[in-house]
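Asks: Quick one: the structure is below, and I'll ask about it shortly.
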Amino acid sequence: MTAEGSAGTEGAAGVAGAAGAEAAAGAARPGAAPRELQARFEELIAADERVEPRDWMPEAYRKTLVRQIAQHAHSEIIGMQPEGNWITRAPSLRRKAILLAKVQDEAGHGLYLYAAAETLGVDRADLLDALHTGRQKYSSIFNYPTLTWADIGAIGWLVDGAAIINQIPLQRCSYGPYARAMVRICKEESFHQRQGFELLHDLAHGTPEQHAMAQDALDRWWWPSLMMFGPPDAESAHSAQSMAWRIKRHSNDDLRQRFVDISAPQAEALGLTIPDPDLRWNEERGHYDFGEIDWSEFQEVLAGNGPCNRQRVAQRVRAHEDGEWVRQAALAYAAKQEAKLAAKPAANLSENPSETKEVVAA
Amino acid sequence: MSTGLPLWEVFIRSRRGLSHQHVGSVHASDAEMALRNARDLYTRRGEGVSIWVVPAAQVSASSPDEKEPFFDPAADKTYRHPTFYRIPEGVKNL
């Protein structure tokens with residue numbers, strides 16, 4: 001977000017939206033006729049400008065964004081679990097430090113995204129509740145287990161690789177706060193993918209057992225990674241409208257093809273074989289052809305019947321509930337401090353009232 | 001169970017010589033926790049040398065609906081721009 005030059009002046013608008021001061025931004029305002037507001041919104045989209053929190057927007061646009069950003073945020077924090085599973089068993093201090101930093105980044109990505117969602121007038125606590133009660137979903141890829149250390153490499157290379165391809169165009173999404181969060185996230189994802197590739201490369205060029213472990217990880221993660229781009233264009237429920245609103249810039253199938261084209265030569269460099277007998281370069285198309293995806297598996301996992309669905313949500317709920325006393329204690333402490341301050345005479349007011357209050361966080 | 005941790009807007013000075021810029025928000029019980037959370041969230045890769053946190057509820061913003069009347073006074077005063085003025089050809093350093 002800092003990367004965007006104009007973010008400074010836009011800040012105030014985003015702020016009020018986030019604060020909920022204008023939570024009902026989409027509601028009818030007495031000043032302007034709905035048709036006029038709709039026309040102004042469409043003008044912005046057509047001019048490829050960004051929609052900002054306090055702008056009028058169609059209710060369906062707002063809902064689509066809340067659903068998509070929340071699902072994206074949920075995916076980031078649920079995604080901490082399969083990788084967190086290996087932190088205590090990382091094979092070296094170097095790998096452990098890398099994995100810790102990566103899992104911390106995923107938490108950060110979740111928080112950037114919840115913050116972006118809150119500019120649309122929703123509350124983070126409500127979004128988390130929707131995740132915990134199954135009313136909102138997360139990416140189905142995180143319902144697969146991490147059975148071996150090589151899976152950590154496969155997740156970095158393939159899952160983060162697929163996420164990057166999905167996320168790069170989202171940096172130009174029509175909704176400003178979402179686009180700015182994506183700029184930040186994309187910068188950080190690149191480390192995620194490279195550490196995974198390096199990890200797999202080391203294994204693939206290690207002992208025969210290590211090579212086999214790397215191949216096994218690729219065998220299990222390849223097809224679920226292709227499913228990350230969502231159902232085929234013809235069956236994608238929201239695609240066309242999202243593209244018209246410029247929330248989305250490319251179709252699911254186009255992004256999936258890009259992923260295959262990028263990954264196939266990388267697999268060769270790893271010395272591993274992609275588990276698809278139909279995968280081959282098509283000179284005429286200038287792309288790789290690849291085999292049929294088993295969409296029934298995707299539907300099953302989406303319906304809650306993947307290998308780890310229940311475990312992932314249960315662990316998230318447990319972590320949230322276990323943390324509740326900490327949040328309550330922090331709030332109680334803050335209230336106590338405030339009461340103490342209020343009881344004191346106003347003697348310690350700064351001589352220069354315009355000076356920023358310094359809070360030492362050391 | 002809602003936690004009700006207040007929302008804070010975060011501003012970061014990315015390096016000396018630049019002003020603070022809005023980067024996003026955090027939830028925290030008080031200013032000190034907000035600063036710590038903002039440090040963990042927005043400066044993991046040395047993105048800042050100074051952080052401000054402001055209670056989100058304390059920010060007042062202009063309304064986008066008033067965009068035209070509110071900013072109108074600036075639109076018709078082209079004489080505030082140097083290009084408004086005719087300068088004879090050949091005059092330098094002006």
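The values are calculated or read from the model by the stated rules, or taken from the named source; none is laboratory data. Remember, predicted model here, so these are calculated numbers, not experimental data. All Cβ positions, glycine included, derive from the backbone under ideal geometry; neighbour counts span all protein chains shown. For the accessible areas, the whole protein counts, side chains as well, though only heavy atoms, and no ligand, DNA or RNA atoms are used. Shrake-Rupley method; radii C 1.70, N 1.55, O 1.52, S 1.80 Å.
Per-residue answers, yes or no, for (1) surrounded by 14 or more Cβ atoms within 10 Å (Cβ to Cβ); (2) of a type outside the set (S, T, N, Q); (3) at pLDDT below 65; (4) under 15 Å from B:V23 (Cβ atoms):
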position: A:A7; (1), (2), (3), (4): yes, yes, yes, yes
position: A:A12; (1), (2), (3), (4): yes, yes, yes, yes
position: A:A16; (1), (2), (3), (4): yes, yes, yes, no
position: A:E22; (1), (2), (3), (4): yes, yes, yes, no
position: A:A39; (1), (2), (3), (4): no, yes, no, no
position: A:W56; (1), (2), (3), (4): yes, yes, no, no
position: A:T64; (1), (2), (3), (4): yes, no, no, no
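Asks: Output the qualifying pairs, or none if there are none: Cβ atoms under 8 angstrom, residues six or more apart or on different chains, first residue in the range A:136-154 and at pLDDT 95 or above and crowded, with 18+ Cβ neighbours inside 10 Å, second residue among the basic types (K, R) and part of a loop (DSSP other than H, G, I, E, B).
Replies: none
Asks: I'd like the full set of residues that are out of contact with any Pro (no Cβ under 7 Å at 6 or more places or on another chain), within 14 Å of chain B (Cβ to nearest Cβ) and in a loop (DSSP other than H, G, I, E, B), limited to the range A:33-56.
Replies: Within the range A:33-56, A:A33, A:E49, A:R50, A:E52, A:W56 qualify.
Asks: Under 6 Å between Cβ atoms, which residue pairs at least 6 apart in sequence (or on different chains) link something in the range A:308-335 that is at negative phi with a partner that is among the charged types (D, E, K, R)?
Replies: Correct list of pairs: A:A334/B:D30.
Asks: Among residues belonging to the range A:204-242 that are closer than 17 Å to A:K137 by Cβ and of a type in the set (S, T, Y), point out the one that is modelled with the lowest pLDDT.
Replies: Step by step, filter the range A:204-242, then rank; the result is A:S236.
Asks: A follow-up question, please. Just to be sure before I move on: is A:S225 buried (at least 18 other Cβ atoms within 10 Å of the Cβ) and under 30 Å from A:W56 (Cβ atoms) in the structure I sent?
Replies: For A:S225, the condition - buried (at least 18 other Cβ atoms within 10 Å of the Cβ) and under 30 Å from A:W56 (Cβ atoms) - is not met.
Asks: Quick one: which strands (runs of 3 or more DSSP E) sit completely within chain B and have at least 1 residues that are touching a Gly at 6+ places or on another chain (Cβ under 8 Å) and at the interface with chain A (Cβ under 8 Å from one of its Cβ atoms)?
Replies: Correct list: B:7-13, B:21-27.
Asks: Quickly run through the range A:228-248 and pick out the residues that are open to solvent by less than 50 Å² (accessible area, probe 1.4 Å) and either of a type outside the set (A, V, I, L, M) or more than 30 Å from A:H205 (Cα to Cα) (or both).
Replies: A:F229, A:G230, A:P231, A:P232, A:S236, A:S239, A:S242, A:W245, A:I247, A:K248
Asks: Can you list residue pairs whose Cβ atoms sit under 9 Å apart, with the first residue in the range A:42-68 being on the phi > 0 side of the Ramachandran plot and the second being in a loop (DSSP other than H, G, I, E, B)? Count only pairs 6 or more apart in sequence or on different chains.
Replies: A:D48/A:S174; A:D48/A:R246
Asks: Moving to a separate point now. Look through B:P55, B:P88, B:P73 and report the one residue that is under 30 Å from A:D105 (Cβ atoms), out of contact with any Ser or Thr (no Cβ under 9 Å at 6 or more places or on another chain) and open to solvent by less than 100 Å² (accessible area, probe 1.4 Å).
Replies: Answer to the selection: B:P55.
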